Every structure is written in C-alpha cells, then in structure tokens.
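The structure appears below as structure tokens.
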Amino acid sequence: MRSVRVWLEKSGRAIYTSHLDLNRCMTRAVRRANIPLWYTEGFNPHPYLMFPLPLPLGQSSDGEPMDIRIETDMTDGEIFDALSRVMPEGFTVKSVGEPKDKAGDVAMAQYGITLEFPDSAQAERTAGVIRTLIDGGELTAEKTGKKGRMKVVKEIKLNDFIHRFEAGSEDCYVKISAVLSAGSTVNLNPALLLDALYKAGDFEPVYTEIRRQKLLKSDFSDFE
Amino acid sequence: MLSKELKNILLKVQKPGRYTGGELNSVVKNRADIAVRYAFCFPDTYEIGMSHLGMKILYGLVNEREDAWCERVFAPWLDMEEQMRKNNIPLYALESGDPIAGFDIIGFTLQYELCYTNVLNMLDLAGLPVRSADRKALTPIVIAGGPCVCNPEPLAPFIDLFLPGEGEEVTNDIIDLIKKHKALGSTKEEFLKDAVKIQGVYAPSFYSVEYNSDDTVKAVTPSNGAPEKVKKRIVSDLDSCYYPDKFVVPFLEVVHDRTTAELFRGCIRGCRFCQAGFLYRPIREKAAKTVEDQCRRLCDSTGYDEISLCSLSTSDYTKLFPLLNDLLEWTEKDRINIALPSLRIDNFPEELMQKISGVRRSGLTFAPEAGTQRLRDVINKNVTEEEVMSTAKEAFDGGWTAVKLYFMIGLPTETLEDVEGIAKLAQKVVDEFYHNPNKPKGKSVTVSVSASTFVPKPFTPFQWEAQDTAGVIAEKQKHLFESNTTRKVNISCHKVYTSVLEGVFARGDRRLAEVIETAWRSGCKFDGWDDVFDTEKWTQAFEKCNISPEFYASRQRSFDEVLPWDHMDYGISKNFLINENKRAHEGVTTPSCREKCSGCGTNKLNGGVCHALCKSMA
Ligand code: SF4
C-alpha cells in the first residue's frame, strides 16, 4: 500500500459538484482507470480517497490535491496516464506524486477573483471602494455555529483572515488577488468575503468567478 | 458551455448539478451533422429521471445513429423554475444547453399519472403551447411513451403521438419518418397521417370520442386512415435487442446509481392488481451470457461498484443461479456488489445468499400485499402465511432484526377484518422473533409495514372495479393503526387524496384534459411530491370544470361498458381479464404462467412465443 497525491484542475461545469459528490465521482474514476484502491479494514470496508481541503461549490481550481491509497506497483507516470484517460469533463489531472506535506499543513489559499460590471467606470469605482473597505479593517460577517446543542450567531472579523489582498480594474472587470486563511480549523470562504464586501459597499457585480490558485503553508510556501 | 446568465442562477438554487449536464458518458455531437434533434423529457426531478432504465436505453439507442442526437431534459425543481422564469431562460437540454423548442422531437416518458401537470409545465417552460392544436409547425413534434400510455386519453389534447409498448424499434421509425418529412417540407398533418401507418403509433387527434347520456364513452372513431385499434410494439428477441454499454454517470447522488441489468420482460405471476405484470407481457428472457456481458461492459465504462438485477420478479428468471455464479467470479474480485430487488428468498441456496449484498445489507422485504389468505386469493398473490413466517425465521436465524412488509389497502372485496389481518400478520412476525432461539442476542425487532392504497388500473382484471373513496380509505387506515398493539410494528400509509387522483387519471377519458390544464394553470405541479401536492387546488379544478372525480375513480363499471382505452391493444384479451375478474370474486387463484398458460393472448404479439414455460420449449 502506498499513498499518492493527485492534483486536479477543476473547471467548467464540474465546479457545481459538491464535496460529497466529488468523492463518489473520483472513486469511480479510479475504478475505471483500473487502479486498485486500498480498502480500509473492518466491518464496512471503504476505499481510501480524500480531499485535504474541499473546494466550495461553484468555485474552480488550478490544482486540488486528492489523496488516495493504492495497492499496486504502478508508477506515478502510469497512474497519471490511466487517470487522465477516464476523467469526466471539467477535471484535468495536473500531476501525480508523493504527498510531501500533511493535509493539516494547509494554512492559506490564494484566490483569483473576477467581478464583472456593466461598464469600466463602474468597475474602476468599485475597485476603489473594495480597497477602502479592506484597508478600513472593519469588515464583518455573521457565522452560525453551534454551542453544545444551541445554534449561535457569531460575528467574525474578516480582516483577521485576510493575509494579502490586491484589487484593480481592467475594462469592466474588477480583478482581485487574495490570500485567505484556509484549512480545517480556520477557513475563510472567499464567497463569504465577497458577500461582506457587497453588503458594506452596496454594490453587486453582474457576474462573479472565483478560482483557487494554490494552497499555502503557514510560511507562505506552497503546499505540496 | 453554460451561459453567464445560467451560471448566475445556478448558485442560487439547490443542487445545481441537476442543471449543468457534462456528466461522464453524456453524448455531445456536432450540431451541423445532425438531421434530427431529440429531447428526451422525464417529467420529474433529475434524481428520479436519471434512475430510470428506459431512458438510458433510448438515449443510447438514438445516439448510436449518426443523424440523430438525443439529449436529456428533466423537470426543474421549484426554485430553478422560479429563477428560469424570472430570467427568461427557456427549458433547455442538458447536453447542448439549447432550448428544446427548437428540437425536432420532444419525447416524454409517462411513468406515473401524477406527473401529468409536469408535462404541461415543461412544454410551457420550453415556450411552447401546451395543446397540440396550437402547435402548428411540423416540429417540434411532441410524443410520449411509458406505461401510462396504455390509457393516454387524459393527455390526448396535449400530445401529438403516443407510442404504446416498447420503444426500441418504434423510436427509430419515428426518427426516420420525421427526417423524411422535414426534407419534404411536409405539414404536421401530412407527417401524422404517415406516422399512424406504423404499428404502435397513436395520434389522438385522429380519433373522435362520443359519449352516452350517462357520461360513459359511446364510441371512439378513427379518421385519416388511423387504425381502429392501436397495437403496442414489443421487441421479440432481447438478446439481439439494443442495450447500452454506457450509462451517463451523474455527479449528484440519484435514486438508483448503479449498473442495471434487465433479465426478462413480463411476469409469470399474474397478480390481479398489478398493471406492470400484464402490460409487459408476453414473457421474454435474456440469455445469462447476454446479461453477464452487458453487466461487465457497463461496470467497465462507469466505474460503478453495484449491479442491480432487475425485472418484475427477479427470482423467476430461469437462469438466475448460473448467472449469479458467473457474475460472482469477477464481481467479488472487483469489489462489486450484486443487488437483487424484488427477490423471494425461499429456496435460495445458502452459499449464494451469503455473497449477495442486496439481501445482506438492506434487511428483508416481503410483499404479502393483503392481510388474510382469503384476500390474497382474491388478488392472486400466491404467498402464504407459512411462507412469510419461514422467511422471517430464516432472516432472524441469519441475524437480521428488521423486516419490511408491503401491503395494499382498498383491494376489491376487502373488509375491516382483512385490514386487521395486516396488523395481525405483522404481530406474528414480531412473535416469531421472540420465539426464535437463534435470534440476535440483546436486540429488539422492528417490523415496518407499508400500506399503500390500491388503485384499479387498465389492462388488469380489476379495471372495472370501484376504487374505495377517500373517506373509506381514511377509515381503513385508521382501523389499521388502531389494530396495531405493539410498538415493534411501524405502520406507514400513503396520502389518501393522491391515490384518488391517480385513480381518476388511470381510468380517465379525454374530458379530464381540461381539469389537468386548469389545475396546472392554478399552480399544480410535482403532484407526486407530498410536500408540493395541493389538494385544494385540485378540488377547485374539478369543480370549475364541472367534472366529478368519483365518476372515474369510485364507479363500478360493467363488463360491456366501452372503456376509454378500448382502442388501445396491449395483446391482452378482454375475455381473459373478465374471466380473471370473475375468479377473483369467487376467490379462486390462477396458477403462474410457469405452471400453466392461462391464455392471456399476449403471445400473439410475438408470433405465438412466450418464454413463460421455458425458453427452449417456446
Ligand atoms: S401467453 Fe400464457 S404463459 Fe404467456 S404470459 Fe400469457 S398467460 Fe402467461
């Protein structure tokens, strides 16, 4: 048995696949590729396949890590070829290799965000509004959590989770590049940040695209 | 690719994966190479439609052709419909994203009566008039198949052509014909006149219906060269018949998401309440080798880890054990489960049983259908109490603690005593558990009783019977709950009014079309969904159209009444049905087709051949 990390690009129609659905979809892909997965032992054996940091529905990605355990002496190259042949539309295998970092080492993610506006003047103006809001440091969002059995609404300060942020305009688009906290303990979904910006700045783009570009460790180096 | 407009609304609805397409094995073709565009519409949600075998077969079959492209369309859920209407997005096909109003054929499959308003709603969402007479152009031609087509009358004004029977051959005939008439520049009428020359094609607009003063049908008269009786189509040889080697694999979790193999068509049992058991006759089996090959190809192309062997009564397949042995040779190694729905487990070899997951995992289900032997004889359900008990015993010996029992309420001749019998039988199963020395230690038992409501259907021996009224059904349900004295038995019943509505449409005539349209215009849709169904709106629709649902549902018909579906020919002789009805009332059972052919007549559709007794003998 050995562990393999497969990096997948996710785009197009595939971005509407939820995390749970993605698991099933990829398990089937690995089966079609005739790569024997390692099964957990015990009463209800299931194949080992997991995503260290599930991508929210509706967002695309340059490279999503998927960890599998396999029982075969296939090389990384063979796995790459076999998987590439069976991927559904919207998924592209970028690379296959040994998992260097532990799943828990993900600390941040870098996103490219595009907001479309009816014209360039509006885009330019909004880019300015966005920069002011971020610099102001007062952005908040409500998050419902659980305290024991009770549902509680917490106000969170978003700026604590923003590590880098740039916004500029280009034609009728606002282009944002941002590094946000990511991982299983603290995680800021960029969609949540955008909603806070729309609310605070009182604007709404006609169209939005969010793409996760890479995952980073706490020292800003790439998660591998 | 999805338009920005669509992408925007996809993030505002639940389960956007229902509306994107792009699934593995979905077929995308070059529009320029295509002569006939076919929109296959399933008038329910994506999850239900994607589980349906018939759609997978016809999808693959049409897409084998180079000149045609079949795409899938499902009924958008309420949230999506709202967004589509608000943003002026017409109903589109999943593969191309093109609006279906521009297609050549729009084909619906009618699996249950309660989807009728969805058919109208989908046509409307497509931007088309719901009535055939208002769709003047040659294309899109709106066709419909599926079991409900055995009595298509309530939908007659909305659909251009109904295709009774099996779709494999007739679908190609229709595609060829529309292609020809498009090239000729024909009118819709010219096409329809040509279409009715094909066996198994019913153009409702070519038939006029006259009524008697008591509102029953007087006569149905064809015109334009349409046949007096429309004979259903069947496929004669299942081994050479098309079967897909790929299924579209959904991203979303759907109801049945697995490899499905069909073992045979038809049923040898002859349960008198079961429409499917008569509609799909005569019996035709597939060779075990064919089934195994098909399973293998499907598992390879999909990556599925489950195979479901499905047919009306799986254990009646004559080659079941050899097939299972062959399958297990590779499925175990590849970690593929085999599920056997509708299985009677009496006489099932123990070592095979151990290996089959469908039985192992989901606990045990059994369908006695009625609570007393008297009533089981009436409906010809040849299950005895001893069989139920011995199955339960086997189950408990094997470590199960949950048993599910299926019954029907409202069967002809049913008394309150029969209803009580349901609770008693469930109680006996509970007792069986506690008397069993081998029962799982320290565990308690649950017996789930599901009691659906009997709906008399066309082409069954009960097609003349009165359905219990809503009041009587409610009373019987109450009686059932009261008869149950133990908490080990959980009883669930169906909503009363939806069953009545199903009964109205199942045996309805053309006049009901107005009610369907009125109900739909007042907002009715997804009537099969309890949380959407609106009793009040339906009641108002009947009142507004001055039509009594009781006339259709709870009226006893005489054998000589002209039935609204008498011009549909499913090969079943009326005399056979009358005879079966009489035997039911005498409480006399009819042996299964394997023991003795009882002359239903459907073998005539297949040149006299019926595989009920034995394939080689036939
Ligand atoms: S032809 Fe005879 S054996 Fe075949 S289905 Fe009909 S009754 Fe049964």
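Mean residue ellipticity at 222 nm, helices only, the protein assembly as shown: -9500 deg cm²/dmol; runs of at least 4 DSSP H residues each add -39,500 (n - 2.57), and the sum is divided by the number of residues. For the range B:569-617, the relative contact order is 43 percent, taking Cα pairs closer than 8 Å that sit 6 or more residues apart in sequence and dividing their mean separation by the residue count. Among the trypsin sites (Lys or Arg not before Pro) in the range B:128-214, those placed in a DSSP loop whose Cβ has at most 12 other Cβ atoms within 10 Å are B:Lys136, B:Lys197.
Summarising the amide proton neighbourhood of B:Val142: residues at separation of 5 or more, or on other chains, whose placed amide H is nearer than 5 Å comprise B:Ile106, B:Asp160, B:Leu161. When the other protein chains are added to the chain by itself, burial of at least 50 square angstrom of heavy-atom accessible area (probe 1.4 Å, ligands and nucleic acids ignored) affects these residues of the range A:1-47: A:Arg13, A:Tyr16, A:Arg24, A:Arg28, A:Arg31, A:Arg32, A:Tyr39. Estimated from the Cβ-Cβ distance and a Förster radius of 60 angstrom, the FRET efficiency linking B:Glu228 and B:Met389 is about 0.75. The dipole here belongs to the range B:361-500: it is taken about the Cα centre, uses +1 on the Cβ of Lys and Arg and -1 on the Cβ of Asp and Glu, and is about 660 debye. Summary of packing: across the peptides B:435-441, A:81-87, the per-residue average of other C-beta atoms within 10 Å ranks them, highest first, as A:81-87, B:435-441.
Taking amide H positions as modeled 1.01 Å from N, with prolines and chain starts lacking one, the residues under 5 Å from B:Ile491 and 5 or more places away or on another chain are B:Val449.
Estimated at the nearest 10 Å², the accessible area of A:Ser184 is 110 Å² with a 1.4 Å probe. The fraction of accessible area contributed by carbon and sulfur in the range B:434-514 is 52 percent, rounded to a whole number (1.4 Å probe; ligands and nucleic acids excluded). Compute the acute angle (0 to 90°) between the alpha-carbon long axis of helix B:385-397 and the principal axis of greatest extent of the alpha-carbon atoms of chain B; round to the nearest 10°. It is inclined by approximately 80 degrees.
Our summary gives chain B a relative contact order of 14 percent, counting only alpha carbon pairs under 8 angstrom and 6 or more residues apart.
Take the Cα of B:Asn87, step 7 Å toward its Cβ, do the same at B:Asn436, and the gap between the two points is 5.4 nm.
The string of couplings for the range A:209-216 from the Karplus curve (6.51, -1.76, 1.60, θ = phi - 60°) is 9, 10, 10, 7, 9, 7, 9, 10 Hz, one whole number per residue in order, with x for Gly and Pro.
Karplus-derived 3J(HN,Hα) values for the range B:208-225, using 6.51 cos²θ - 1.76 cosθ + 1.60 with θ = phi - 60°, are 10, 10, 10, 10, 7, 5, 8, 6, 7, 6, 8, 7, 10, 10, x, 9, 6, x Hz; glycine and proline are entered as x.
Among the listed pairs B:Lys381/B:Lys582; B:Lys56/B:Lys193; B:Lys333/B:Lys441, which are separated by more than 22 Å between their Cα atoms? Too far apart for the 22 Å limit: B:Lys56/B:Lys193; B:Lys333/B:Lys441. For the pair the range B:464-490 and the range A:152-197, the centres of their Cα atoms are 57 angstrom apart. By the Kirkwood approach, averaging reciprocal distances over each pair of separate Cα atoms, the range A:105-216 gets a hydrodynamic radius of 14.7 Å. A straight chain from A:Lys94 to A:Asp171 at 0.36 nm per residue would run longer than the Cα-Cα distance by 24.6 nm. Shown is the FRET efficiency for B:Ser548 and B:Lys495, computed with R0 = 22 Å from the Cβ-Cβ distance and rounded to the nearest 0.05: 0.60.
Using the 1.4 Å probe convention, the accessible area of the protein assembly as shown works out to 42 Å² per residue with neighbouring protein chains retained. The accessible surface of the range B:214-281, taken with every protein chain in place and a 1.4 Å probe, is 46 percent carbon and sulfur. Taken along the Cα-to-beta-carbon direction at a fixed 7 Å, the label points for B:Val28 and A:Asp81 span 2.6 nm. In chain B, the longest principal axis of the Cα atoms and the axis of helix B:288-302 are about 60 degrees apart.
Database remark: amide H of A:His163 closer than 5 angstrom to the amide H of A:Val179, A:Leu180, A:Ser181 (H placed geometrically; neighbours at sequence offset of 5 or more, or on other chains; Pro and chain starts carry no H).
What total accessible area, in Å², is buried where chains A and B meet, using a 1.4 Å probe and rounding to the nearest 100? So the buried area, both faces added, is about 2300 Å². Would you work out which of A:Phe91, A:Met150, A:Pro65 lies farthest towards the positive end of the dipole of chain A, given +1 charges on the beta-carbon of Lys and Arg and -1 on that of Asp and Glu, about the Cα centre? Of the candidates, A:Met150 comes out farthest on the positive side.
Non-local lysine pairs in the range B:196-249, meaning eight or more places apart or on different chains, with alpha-carbon distances under 17 Å, amount to 4. B:Asp531 contributes an accessible area of around 120 Å² to the protein surface, as traced by a 1.4 Å probe with all chains present.
Multiplying the residue separation of B:Asn212 and B:Glu329 by 0.36 nm and subtracting their alpha-carbon distance yields 35.8 nm. Relative to the longest principal axis of the Cα atoms of chain B, the long axis of helix B:53-64 makes an angle of roughly 40 degrees. Taking every protein chain into account, the 1.4 Å probe leaves B:Ile159 with about 0 Å² of accessible area, to the nearest ten. Remark: accessible surface ordering of B:Glu66, B:Glu394, B:Glu95 (largest first) is B:Glu66, B:Glu394, B:Glu95, probe radius 1.4 Å.
Between B:Glu64 and A:Glu155, the FRET efficiency estimated from the beta carbon spacing at R0 = 56 angstrom works out to 0.40. Scalar couplings 3J(HN,Hα) for the range B:17-24, obtained by applying the Karplus form with A = 6.51, B = -1.76, C = 1.60 to θ = phi - 60°, are x, 5, 10, 9, x, x, 6, 4 Hz; x denotes Gly and Pro. Could you tell me how far the Cα centroid of the range B:1-51 sits from the Cα centroid of the range A:1-62, in Å? Here the answer is 23 Å between Cα centres. Sparsely packed loop sites in the range B:534-618 (the GluC sites (Glu not before Pro) outside DSSP H, G, I, E and B with at most 11 other Cβ atoms within 10 Å) comprise B:Glu595. Counted residue by residue at 0.36 nm each, then reduced by the alpha carbon distance between them, the extension gain from B:Ile578 to B:Arg521 reaches 16.6 nm. Over the range A:18-140, Cα pairs under 8 Å with separation of 6+ residues give a relative contact order of 21 percent.
The values are calculated or read from the model by the stated rules, or taken from the named source; none is laboratory data. This structure is a prediction, so every number in the text was calculated from the model and none was measured. Positions of Cβ are backbone-derived with ideal geometry, glycine not excepted, and every protein chain shown enters the neighbour counts. Keep in mind that these areas ignore ligands, DNA and RNA; they rest on the heavy atoms of the full protein, side chains included. Shrake-Rupley method; radii C 1.70, N 1.55, O 1.52, S 1.80 Å.
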